[in-house]
Amino acid sequence: MNDVRDNPAGSPDQAPHVSTPVPEDVLIILPVRNTVVFPGAVVPLTIGRRISLAAAEEASRSGRRIGLVMQRDPTVDEPGAADLHPVGTIARIVRYFTARDGTQHVVCQGEQRFRALDYIAGMPFLAARYDLVGESAPENAELEARFRILKERALEAIGLLPQSMPELAGVVAGIESPGQLADLVAGFLDIKPVEKQKILETLELRQRLDEVLAQINHQVEVLKLSRQLEEQTKEKIDERQREFYLREQMKTIRSELGEGEEGGELDELRKAVAEALMPEEAAQQAAKELRRLERMPEESTEHSMVRTYLDWLIALPWSRLDTESIDIARAREILDEDHFGLPKVKQRILEYLAVRKLNPRGRSPILCFVGPPGVGKTSLGQSIARALGLKFVRASLGGVHDEAEVRGHRRTYIGSMPGNVVQQLRKAGTRNPVFMLDEMDKLGASLHGDPSSALLEVLDPEQNATFRDNYLGVPFDLSKVFFLGTANVLDAIPGPLRDRMEIIELPGYTQEEKLEIARRYLVRRQLEANGLTAGQATIEDEALRQIIASYTREAGVRNLEREIGSVLRHVAVCISEGSTTAVRVTPESLHGILGAPKFESEVALRTSMSGVATGLAWTPVGGDILFVETTAVRGKGGLILTGQLGDVMKESAQAAVTLVKARAGSLGIGDFGFEEHDLHIHVPAGAIPKDGPSAGVALFTSVCSLLTGRKVRSDVAMTGEISLRGLVLPVGGIKEKALAALRAGIHTVLLPARNRKDLEDIPESARADLEFVWLETVDDALSHGLEH
């Protein structure tokens, strides 16, 4: 009910009586707040202000019409002419009564619009002269179209209302006047009073219909959206109720079948937690999660997350330790059985096992095997596990660039899991497996963190007893885990991580070692892989030697095994076709099986002319040889360097040319016109980047060979950094370079004299096949490297 009160204590008896009669051309005005009454509308009003009571009493007593006008500001208690809108509705008082609580009420029915002209003073209520306002547009086809559209939209809006209103729909359907329909629809629209007043003041009928249509179109869209949201919400609620009902039925069915209920499942979890023998902090966390699980409905998303977390806690080997059986003699047999050569590596592993046997509680160092691919780093870890009688697990770190891969994801994330360390320990089922961290040099860093930093805690014996995975949130003891690491390049391992490990370098194999490995392991393994027996296929030693020398060039034996596999697959085809029952592979038959040799000794060919020297280089996959070619062309004394050389190697070339110029007289080339010639130094294999100072001796020798006309010996390779004083300075990678020279068929190696200490790192078999010449100055390199 609309309220026009300002004094609830007011009543008809208290209202003042009018001393003078109201003229016929004056209309009694009843101001109303936040209410617009349209013609034809029946509206109940509550009155309380003195002027409102006086106006209602006079109109009721005299039987006169009353003018209902909305205030501009509803907070004004004593409105004047300026506080009221100019257009209102003339209404008839249908009923005037007093409620039980003493409040006064009138029921008014709007009849026609009017405009207040001027207000009359001296009366106890508001009164004004007025003009009646009628419809200002004749009916036509355009108006009829608007009328029909408005009626359709009004009926549609009524149908979308939450409460059914068939009476209102009947009234709307029965209206034939466009003006009446516009006023009726505007009256029940849920819009602001100011907007309703604007419609009331719109006297041109077509414009009024357009405004009402715009308002009701908006209301219809709002009602449609509300109905849609309500239906979606109801569907979700119905689906949840249905799911709850079905789950309750399932529980009842399981109970009838004797399959137990959820309580039984929780009891099983409690029993499993107790049997896991967790540390105190982990046990408290498990008990807390169990209590949470009891209070959760089984259909909730978090229920499955908590259950998964408890499954991880239960499955981890908190207290399970395998018994170590360290027998040094047995360990030596296993290492010799699984790997050929590597005497220093095997000796260090045996020392490690001996210390572990004598002091089981001591903090053993963490071993890291560094070497080129295919030399047996990963298989060494498996042999150690076999020698100790422990389980072996492996985590590959190649390409890992997220800290969470090591330390796990926090449980707040959907699909979170523990890190690789905890996952592999669960897989092992014991707290003391041999755990190999493979490819440690290939760890990356990104916006998600640095996994190498996360490994610092894992590999630190002082910290890993309380390793905390982000997913578990409780400490796990890693102190009993036998950690091993592998890498191809030591420099790529971050310094703090490298400092926590003892580095054991694995050199590349010599040809004789590869032959023994092929005899003992590779041929046998490939026979089994291809379904053959030793009686069906035999590879002669000379054939193996030719495969090693002409079809592979590597530090390890992976490609060698692939080539042996290719040979044995060819044998398998011959036997399967029935053309033979046994095949003996000779060196002569390799060309027909493997094709033309992939590698050949290019040393003799390339050093058959002056200006070409053979150098030695270190690479991440072992050593290699490189050739330095120098030629002179007409020019202006410039130096041209090609072959994708790095800055350090370019500087070595410049130093070599400067040293040659400085010693031109002693070298017998003083008459060479350096100012009229350009020297061009090229290092073939231009697609491969090259850098480092160790090619200085080869660069100097190549330039001297060109200018003196003396060829470099075809069986000589050299390495070493040079200074402008002519000294030969030490370099690294001596072992790898020596093995590369041996693989290339070179017999004499020129090395810096200050690298003599590295001779013992070269395998004994390689030392026996190579002649080493130790260089103090570049003069030593020329005397041993150039032909006389």
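The values are calculated or read from the model by the stated rules, or taken from the named source; none is laboratory data. The model shown is predicted, which means the values in this text are computed figures rather than measured ones. So basically every Cβ, Gly included, is an ideal-geometry build from the backbone, and we count neighbours across all protein chains shown. Just so you know, the surface numbers come from the protein's heavy atoms only, side chains and all, with ligands and any DNA or RNA stripped out. Shrake-Rupley method; radii C 1.70, N 1.55, O 1.52, S 1.80 Å.
Set side by side, the residues Thr642, Thr631 differ, and just one is modelled with pLDDT of 90 or more, open to solvent by less than 70 Å² (accessible area, probe 1.4 Å), more than 30 Å from Val567 (Cβ to Cβ) and over 49 Å from the mean Cα position of the chain (by Cα), which is Thr631.
For the condition more than 16 Å from Leu68 (Cα to Cα), surrounded by 14 or more Cβ atoms within 10 Å (Cβ to Cβ) and of a type in the set (Gly, Ala, Ser), Ala157 qualifies. The set of residues in region 306-347 that are more than 28 Å from Arg525 (Cβ to Cβ), part of a helix (DSSP H, G or I) and not hydrophobic (A, V, I, L, M, F, W, C) comprises Arg307, Thr308, Tyr309, Asp311. Restricting region 520-542 to residues that are part of a helix (DSSP H, G or I) and of a type in the set (A, V, I, L, M), which is most open to solvent (accessible area, probe 1.4 Å)? The residue in question is Ala529.
Looking only at region 138-177, count every residue that is in a loop (DSSP other than H, G, I, E, B), within 56 Å of the chain's Cα centre (by Cα) and either on the phi > 0 side of the Ramachandran plot or not hydroxyl-bearing (Ser, Thr, Tyr) (or both) and tell me the total. Before the answer, list the steps.
Restricting attention to region 138-177, the residues satisfying the condition of being in a loop (DSSP other than H, G, I, E, B) are 138-140, 161-165, 175-177.
Remaining after also requiring within 56 Å of the chain's Cα centre (by Cα): 161-164.
Subsequent filtering for residues that are either on the phi > 0 side of the Ramachandran plot or not hydroxyl-bearing (Ser, Thr, Tyr) (or both) retains 161-163.
So the answer is 3.
As an exercise: evaluate Leu751 against (1) under 27 Å from Lys661 (Cβ atoms); (2) open to solvent by 20 Å² or more (accessible area, probe 1.4 Å); (3) touching a Lys or Arg at 6+ places or on another chain (Cβ under 9 Å) and give the number of the one condition it does not meet. The one condition Leu751 does not meet is (2). Filtering region 120-129 to residues that are open to solvent by 40 Å² or more (accessible area, probe 1.4 Å) and either of a type in the set (D, E, K, R) or at pLDDT 90 or above (or both) leaves only Arg129.
Of all residues in region 281-317, which are among the small types (Gly, Ala, Ser) and at pLDDT 85 or above? Give the steps one after another, and end with the answer.
Just the residues of region 281-317 that are among the small types (Gly, Ala, Ser), to begin with: 282-283, 286-287, 300, 304, 315.
If the condition is that a residue be among the small types (Gly, Ala, Ser) and at pLDDT 85 or above, then Ala282, Ala283, Ala286, Ala287, Ala315 are the ones that fit.
For Gly673, the conditions (1) more than 44 Å from the chain's Cα centre (by Cα); (2) open to solvent by 60 Å² or more (accessible area, probe 1.4 Å) are fulfilled apart from (2). Residue pairs whose Cβ atoms lie under 8 Å apart, separated by 6 or more positions or on different chains, with the first residue in region 197-217 and open to solvent by 60 Å² or more (accessible area, probe 1.4 Å) and the second not in a helix (DSSP H, G or I), are Glu201/His85; Glu201/Pro86; Glu201/Val87; Glu204/Ser136; Glu204/Ala137; Arg206/Ala137. Count of region 504-531 residues, restricted to those that are hydrophobic (A, V, I, L, M, F, W, C) and more than 42 Å from the chain's Cα centre (by Cα), is 5.
Take Pro494 and tell me if it is under 20 Å from Asp438 (Cβ atoms) and buried (at least 21 other Cβ atoms within 10 Å of the Cβ).
Numbers: under 20 Å from Asp438 (Cβ atoms): yes; buried (at least 21 other Cβ atoms within 10 Å of the Cβ): no.
Considered against the rule, which asks whether it is under 20 Å from Asp438 (Cβ atoms) and buried (at least 21 other Cβ atoms within 10 Å of the Cβ), Pro494 comes out as no.
This table checks each residue for (1) buried (at least 23 other Cβ atoms within 10 Å of the Cβ); (2) among the basic types (Lys, Arg); (3) in contact (Cβ under 8 Å) with a residue 60 or more places away in the chain.
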residue	(1), (2), (3)
Val716	yes, no, yes
Leu727	no, no, no
Lys737	yes, yes, yes
His747	no, no, no
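Regarding Gly696, is this residue free of Cβ contacts under 8 Å to residues at least 60 places away in the same chain, under 28 Å from Thr658 (Cα atoms), buried (at least 16 other Cβ atoms within 10 Å of the Cβ) and of a type outside the set (A, V, I, L, M)? For Gly696, the condition - free of Cβ contacts under 8 Å to residues at least 60 places away in the same chain, under 28 Å from Thr658 (Cα atoms), buried (at least 16 other Cβ atoms within 10 Å of the Cβ) and of a type outside the set (A, V, I, L, M) - is met.
What do you reckon, is Val220 modelled with pLDDT of 80 or more and either under 48 Å from the mean Cα position of the chain (by Cα) or exposed (fewer than 11 other Cβ atoms within 10 Å of the Cβ) (or both)? Steps first, please.
On the way: modelled with pLDDT of 80 or more: yes; either under 48 Å from the mean Cα position of the chain (by Cα) or exposed (fewer than 11 other Cβ atoms within 10 Å of the Cβ) (or both): yes.
So Val220 fits the description; yes.
Here's the yes/no breakdown for (1) open to solvent by 10 Å² or more (accessible area, probe 1.4 Å); (2) out of contact with any Asp or Glu (no Cβ under 6 Å at 6 or more places or on another chain); (3) not in a helix (DSSP H, G or I):
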| position | (1), (2), (3) |
| --- | --- |
| Glu457 | yes, yes, no |
| Ala465 | yes, no, no |
| Gly473 | yes, yes, yes |
| Leu478 | no, yes, yes |
| Leu484 | no, yes, yes |
| Arg498 | yes, yes, no |
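Evaluation of Leu459 against the conditions (1) hydrophobic (A, V, I, L, M, F, W, C); (2) in contact with a Leu (Cβ under 8 Å, 6 or more places away or on another chain); (3) without any contact (Cβ under 8 Å) to a residue 40 or more places away in the chain shows that the sole unmet condition is (3). Just to verify a result, which residue in region 543-565, among those that are among the charged types (D, E, K, R) and not in a helix (DSSP H, G or I), is farthest from Ser379 (Cα to Cα)? Once the filter is applied, the top-ranked residue is Arg553.
Could you please find all residues in region 645-668 being more than 47 Å from the chain's Cα centre (by Cα) and assigned to a loop (DSSP other than H, G, I, E, B)? Arg663, Gly668, listed by residue number. Applying the set (1) over 26 Å from Ile504 (Cβ atoms); (2) surrounded by 15 or more Cβ atoms within 10 Å (Cβ to Cβ) to Leu342 leaves exactly one unmet item: (1).
Strands (runs of 3 or more DSSP E) fully within region 1-118 that include at least 2 residues being modelled with pLDDT of 90 or more: 26-32, 42-47, 66-70, 87-98.
Of Val185, Val172, all but one fail to be open to solvent by less than 10 Å² (accessible area, probe 1.4 Å) and modelled with pLDDT under 80; the exception is Val172. Could you run through region 191-236 and say how many residues are within 24 Å of Gly110 (Cβ to Cβ), in a helix (DSSP H, G or I) and not charged (D, E, K, R)? Residues that pass the stated criteria total 14. Contact annotation: residue pairs with Cβ atoms under 9 Å, 6 or more positions apart or on different chains, pairing a residue in region 762-788 that is of a type in the set (S, T, N, Q) with a partner that is in a loop (DSSP other than H, G, I, E, B), are Ser765/Gly341; Ser765/Thr510; Thr777/Arg725; Thr777/Gly726. As a summary of the residue check, Gly263 satisfies the conditions (1) at pLDDT 75 or above; (2) among the small types (Gly, Ala, Ser); (3) under 30 Å from Leu316 (Cβ atoms) except for the one numbered (1).
Listed by first and then second residue, the pairs linking a residue in region 477-492 that is in contact (Cβ under 8 Å) with a residue 24 or more places away in the chain and within 18 Å of Gly508 (Cα to Cα) to a residue that is assigned to a loop (DSSP other than H, G, I, E, B) and open to solvent by 10 Å² or more (accessible area, probe 1.4 Å), with Cβ atoms under 6 Å apart and 6 or more places separating them unless they lie on different chains, are Asn488/Pro620; Val489/Pro620.
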